[in-house]
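Student: Have a look at this one before I ask anything.
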Amino acid sequence: MFAERTNWNLAPNRLSEALARRRASGATLLDLTASNPTECGFRYDAGSIFSALRNPAALKYQPNPKGLETTRLAVAKYYSSLGANVSVDDIFLTTSTSEAYSFAFRLLCNPGDEFLIPAPSYPLFSFLAEILDVKLVRYPLIYDHGWQIDFHTLQNAVTPRTRGVIVVNPNNPTGHFVKAREMQALNELCAQRNLAIIADEVFLDFSLGQEKPLSFAGNAEALTFAMGGLSKIAGLPQMKMAWLVASGPPTLKKQATEKLEIIADTYLSPNAPVQLASPIFLEQRGEFQEQVLARVRQNLKELDRQLGAQSHTSRLQVEGGWYVVPRVPATRSDEELALALLETSGVYVHPGHFFDFPGEGYLVLSLITRENEFAEGVRRIFDTL
């Protein structure tokens, strides 16, 4: 009756079952995996948001495969603030970055074709690829005084069925940005092997350094699709507004945008009220981002303070994003440790294997967790270790 691609193992794992029991019991739970900004105590200008959504122009239907031009102009202005020159004609609005991935996969891949994806990385990619009949092949990120791409393994992973390389900039959950030399090496590899680059940049604005990170938007040396969206940039995941920006050598880019326009026209996904409101949401992103970065820095400071009081745990370097990776003693599997923390200490964390970390001894914590909960949760983790 059902397609083979949907033959997932739907049985809950031990950690999800333990979490459900904890919540059902009503016992205290410190959730150090918090990822929904609307539930993390950040301030929003509710009046301005509601006002933006009441635009009378939303009563008129103006279908455009790429999305409303006023919204795409606002996205182009956003990239200009990052130092990237993007044409409004190369921007495609989508309802999510997941949909943006689906557009890119449908554009580039036949069933069974491959995309190279970093490990560690976000687990959602596997489901997206399976649904679209794309095979993911992992290439490792190496940690040595900071994260870097293993280009030797990446190059050897390319096969006749490889259609492109995915980069997450900054990576989730490692929090490292792609460096200029890495971008150049990726461009050279992809141009030589006729591969595309998909750059997921949803956390791009959340750099902990002083310099603005590089964006793949407007990258001219290889066919590139950069992605962003309001979910992280403005802390508004419920608005369902994202985008795909095509760039690359002129002939390839022209062919890509022509085909993408047909794909986008088939769905016409974004709704008018959110498209019309999105320029305002983008203009107001600064206040939200300031709150997030202040909390991220405070939680990192608290984590480092507690790390300084013991010697058996450290953390990996983080350059941006919302997550941090403590390195803990590998005396048991990450899943066993996460279970113990949940059941005995009431602290919920992600085990490293959830993100394809190599081996045991990694936890993933959200840095947008409320400060008091984060501090207490970290204390309980160290007490349990």
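Student: So G228 passes all but one of these: (1) outside any loop (DSSP other than H, G, I, E, B); (2) free of Cβ contacts under 8 Å to residues at least 40 places away in the same chain. Which condition number does it fail?
Tutor: If we test G228 against (1) outside any loop (DSSP other than H, G, I, E, B); (2) free of Cβ contacts under 8 Å to residues at least 40 places away in the same chain, just (2) comes out false.
Student: Further question: Where in region 18-123 are there helices (runs of 4 or more DSSP H), lying fully within it, with 2 or more residues that are of a type in the set (G, A, S) and within 18 Å of the chain's Cα centre (by Cα)?
Tutor: Working: elements: 46-52, 69-81, 97-108.
Result: 97-108.
Student: Scan region 124-143 residue by residue and report those that are part of a loop (DSSP other than H, G, I, E, B) and either touching a helix residue (DSSP H, G or I) at 6+ places or on another chain (Cβ under 6 Å) or buried (at least 21 other Cβ atoms within 10 Å of the Cβ) (or both).
Tutor: L132, V134 - these are the residues of region 124-143 that are part of a loop (DSSP other than H, G, I, E, B) and either touching a helix residue (DSSP H, G or I) at 6+ places or on another chain (Cβ under 6 Å) or buried (at least 21 other Cβ atoms within 10 Å of the Cβ) (or both).
Student: While we're here: Which residues, taken from region 55-87, are loosely packed, with under 13 Cβ neighbours inside 10 Å and in contact with a Lys or Arg (Cβ under 8 Å, 6 or more places away or on another chain)?
Tutor: If the condition is that a residue be loosely packed, with under 13 Cβ neighbours inside 10 Å and in contact with a Lys or Arg (Cβ under 8 Å, 6 or more places away or on another chain), then G83 is the only one that fits.
Student: Same structure again: Which residues, counting only those in region 237-281, are hydrophobic (A, V, I, L, M, F, W, C), open to solvent by 40 Å² or more (accessible area, probe 1.4 Å), assigned to a helix (DSSP H, G or I) and over 17 Å from V75 (Cβ atoms)?
Tutor: Matches in region 237-281: L252, I262.
Here's the yes/no breakdown for (1) without any contact (Cβ under 8 Å) to a residue 40 or more places away in the chain; (2) touching a strand residue (DSSP E or B) at 6+ places or on another chain (Cβ under 6 Å):
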| site | (1), (2) |
| --- | --- |
| P12 | yes, no |
| L15 | no, no |
| G26 | yes, no |
| T33 | no, yes |
| T38 | no, no |
| G47 | yes, no |
| A57 | no, no |
| E69 | yes, no |
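Student: I want to confirm something. Restricting to region 33-54 and keeping residues that are more than 22 Å from E201 (Cα to Cα) and hydroxyl-bearing (S, T, Y), which single residue is least open to solvent (accessible area, probe 1.4 Å)?
Tutor: It comes out as S48.
Student: Something else now. Quick one: in region 324-356, which of the residues that are closer than 23 Å to S207 by Cβ and within 21 Å of the chain's Cα centre (by Cα) is most open to solvent (accessible area, probe 1.4 Å)?
Tutor: In this case the residue turns out to be H350.
Student: Given the condition open to solvent by 10 Å² or more (accessible area, probe 1.4 Å), out of contact with any Cys (no Cβ under 8 Å at 6 or more places or on another chain) and among the hydroxyl-bearing types (S, T, Y), answer yes or no: does some residue in region 363-373 qualify?
Tutor: Checked against the condition, which is being open to solvent by 10 Å² or more (accessible area, probe 1.4 Å), out of contact with any Cys (no Cβ under 8 Å at 6 or more places or on another chain) and among the hydroxyl-bearing types (S, T, Y), region 363-373 yields no hits at all.
Student: Still on this structure, please answer the following. Pairs, please: C-beta under 7 Å, at least 6 apart or cross-chain, first residue on the phi < 0 side of the Ramachandran plot and aromatic (F, W, Y) and in region 98-118, second open to solvent by 10 Å² or more (accessible area, probe 1.4 Å) and part of a strand (DSSP E or B)?
Tutor: Pairs found: F115/L136; F115/R163.
Student: If the Cβ limit is 6 Å and pairs must be 6+ apart or interchain, which residue in region 138-161 that is in contact (Cβ under 8 Å) with a residue 60 or more places away in the chain pairs with which residue that is in a strand (DSSP E or B)?
Tutor: Note: pairs meeting the criteria are R138/I117; R138/A119; P140/A119; W147/L141.
Student: Please list, ordered by first then second residue, the pairs with beta carbon atoms under 6 Å, 6 or more apart or interchain, first in region 248-266 and within 18 Å of Y101 (Cα to Cα), second open to solvent by 90 Å² or more (accessible area, probe 1.4 Å) and charged (D, E, K, R).
Tutor: Once the first residue is within 18 Å of Y101 (Cα to Cα) and sits in region 248-266, its partners that are open to solvent by 90 Å² or more (accessible area, probe 1.4 Å) and charged (D, E, K, R) give I263/R106.
Student: What tally of residues in region 203-212 results from selecting those that are surrounded by fewer than 21 Cβ atoms within 10 Å (Cβ to Cβ) and either under 30 Å from Q255 (Cβ atoms) or not hydrophobic (A, V, I, L, M, F, W, C) (or both)?
Tutor: 5
Student: Report yes if I368 is within 19 Å of the chain's Cα centre (by Cα) and modelled with pLDDT of 95 or more, otherwise no.
Tutor: yes
The values are calculated or read from the model by the stated rules, or taken from the named source; none is laboratory data. None of the values given here were measured: they were computed from a predicted structure. We place every Cβ from the backbone using ideal geometry, glycine too, and count neighbours over all the protein chains shown. Accessible surface areas use protein heavy atoms only, side chains included; no ligands, DNA or RNA. Shrake-Rupley method; radii C 1.70, N 1.55, O 1.52, S 1.80 Å.
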